Amino acid sequence: MKNKIIITGCAGFIGFNLAEKILLNKKNKVIGIDNINDYYDIKLKKNRLKILKKNKNFLFKKIDISNYKNLEKIIKKNKIKTIYHLAAQAGVGYSILSPKTYMLSNFVGFFNILELSRIYKIPKILFASSSSVYGDNKQLPVNESSALSPKNFYGLSKKSNEEMASIYSYYYKIKIIGLRFFTVYGPWGRPDMVMLKLINSFYKKKKFYLNNFGNHTRDFTYIDDVVRIIIKLSQSNKISNNFEIFNICSSKPLSLLYLVNTFKKISGDFKIYKRKFQDGDIINTYGSNIKLKKIIKNLKFTKFDIGFENIVNWYKKYNKL
């Protein structure tokens, strides 16, 4: 009997890497759900899926999670042990331009996951939240008890997800773990993120604009570390409460100017265009992972320079440079 698992957002950056790792255990069957929207390069998403489809224990369903009936068809006929809910409309800047998109995916879609888990008695959910729930909190590093003050619709949607999950967990006894991701980076990453924008602008000879003159800081966390943490949290018997939130971060923030200078060491010098602060941006992200370390002992993180070089090498291979 296979251990049946749903991963929503399986064609996305984190969902793809998580599915690939979980499928290494032949006892697992992963049902991947994604709507393959065009928020960023569809070809990249399809190429991720091609890799996953090579595994006989992977089944893909093209479904929008805001469609309750289509989602129910999958959940109803499979005895699901765990849902890793990673599908959501991403992007801080885009949430200012198109808030309705976030309402459908991040509010309605998440409600559908919770409600169907209640009806079909799915015992465990791990879902993607975000460091965006903290807003521009001046008390750094932020921990799971810090004040939440999102400054854009994306952050608000994640804060609301946490509150919805807490209520469902309390009344229906579902084990739910919220994952407040900080800046996740690595091979197969999202092209709308600053790291891939930088690399792409260099190799495609496009202008790269560095917001806030490079003075933003980000708590970068490498994708392999993130996937390992998600799986260990899912398997841990140390989490006694039905509902818990964890910061998923290395707790070692770096400036975007450091990011640029690291790339220059790899690629050689090139011109960047510095500009002022952009609406919706968070100035600093810096999370505490003390709570996480209490659950996962000997927690280690990939050195940033190594992780960044891995991305550059992947980018060149993927684009056949």
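Looking at 57, 37, can you tell me which residue is surrounded by 14 or more Cβ atoms within 10 Å (Cβ to Cβ) and either modelled with pLDDT of 95 or more or more than 19 Å from the chain's Cα centre (by Cα) (or both)? Before you say what the answer is, go through the steps one by one.
On the way: 37 fails: either modelled with pLDDT of 95 or more or more than 19 Å from the chain's Cα centre (by Cα) (or both).
Sole residue among the options that is surrounded by 14 or more Cβ atoms within 10 Å (Cβ to Cβ) and either modelled with pLDDT of 95 or more or more than 19 Å from the chain's Cα centre (by Cα) (or both): 57.
Quick one: how many residues across segment 140-152 are assigned to a loop (DSSP other than H, G, I, E, B) and under 16 Å from residue 289 (Cβ atoms)?
Summing the residues that are assigned to a loop (DSSP other than H, G, I, E, B) and under 16 Å from residue 289 (Cβ atoms) in segment 140-152 gives 6.
Over 26 Å from residue 193 (Cα atoms) and of a type outside the set (Lys, Arg) - does that describe any residue in segment 33-51?
The answer is no; no qualifying residue exists.
In the list 51, 125, 33, which residue meets the criterion of being part of a helix (DSSP H, G or I) and touching a helix residue (DSSP H, G or I) at 6+ places or on another chain (Cβ under 9 Å)?
On the way: 125 fails: part of a helix (DSSP H, G or I); 33 fails: part of a helix (DSSP H, G or I).
Of 51, 125, 33, the one residue that is part of a helix (DSSP H, G or I) and touching a helix residue (DSSP H, G or I) at 6+ places or on another chain (Cβ under 9 Å) is 51.
Which numbered condition in (1) surrounded by fewer than 18 Cβ atoms within 10 Å (Cβ to Cβ); (2) in contact (Cβ under 8 Å) with a residue 24 or more places away in the chain; (3) part of a helix (DSSP H, G or I) is the only one that residue 230 fails?
(1)
Among residues belonging to segment 142-161 that are modelled with pLDDT of 95 or more and crowded, with 21+ Cβ neighbours inside 10 Å, point out the one that is nearest to residue 3 (Cα to Cα).
In this case the residue turns out to be 161.
In segment 233-258, what residues are assigned to a helix (DSSP H, G or I), among the hydrophobic types (A, V, I, L, M, F, W, C) and over 20 Å from the mean Cα position of the chain (by Cα)?
Answer for segment 233-258, where residues must be assigned to a helix (DSSP H, G or I), among the hydrophobic types (A, V, I, L, M, F, W, C) and over 20 Å from the mean Cα position of the chain (by Cα): just 257.
Please determine whether any residue of segment 81-103 is assigned to a helix (DSSP H, G or I) and small (Gly, Ala, Ser).
yes
Can you list residue pairs whose Cβ atoms sit under 6 Å apart, with the first residue in segment 97-120 being closer than 18 Å to residue 33 by Cα and the second being part of a helix (DSSP H, G or I) and at pLDDT 95 or above? Count only pairs 6 or more apart in sequence or on different chains.
110/161; 112/68; 112/71; 114/168; 116/72; 116/75; 120/75
Checking the structure you have, find out if any residue of segment 305-313 is closer than 25 Å to residue 24 by Cα, touching a Phe, Trp or Tyr at 6+ places or on another chain (Cβ under 7 Å) and among the small types (Gly, Ala, Ser).
So far as segment 305-313 goes, yes, one or more of its residues are closer than 25 Å to residue 24 by Cα, touching a Phe, Trp or Tyr at 6+ places or on another chain (Cβ under 7 Å) and among the small types (Gly, Ala, Ser).
This table checks each residue for (1) of a type in the set (Gly, Ala, Ser); (2) farther than 18 Å from residue 102 by Cα.
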site	(1), (2)
122	no, yes
126	no, yes
140	no, yes
147	yes, yes
150	no, no
155	yes, no
158	no, no
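The values are calculated or read from the model by the stated rules, or taken from the named source; none is laboratory data. If you're wondering where the values come from, they're calculated on a predicted model, not measured in any experiment. Positions of Cβ are backbone-derived with ideal geometry, glycine not excepted, and every protein chain shown enters the neighbour counts.
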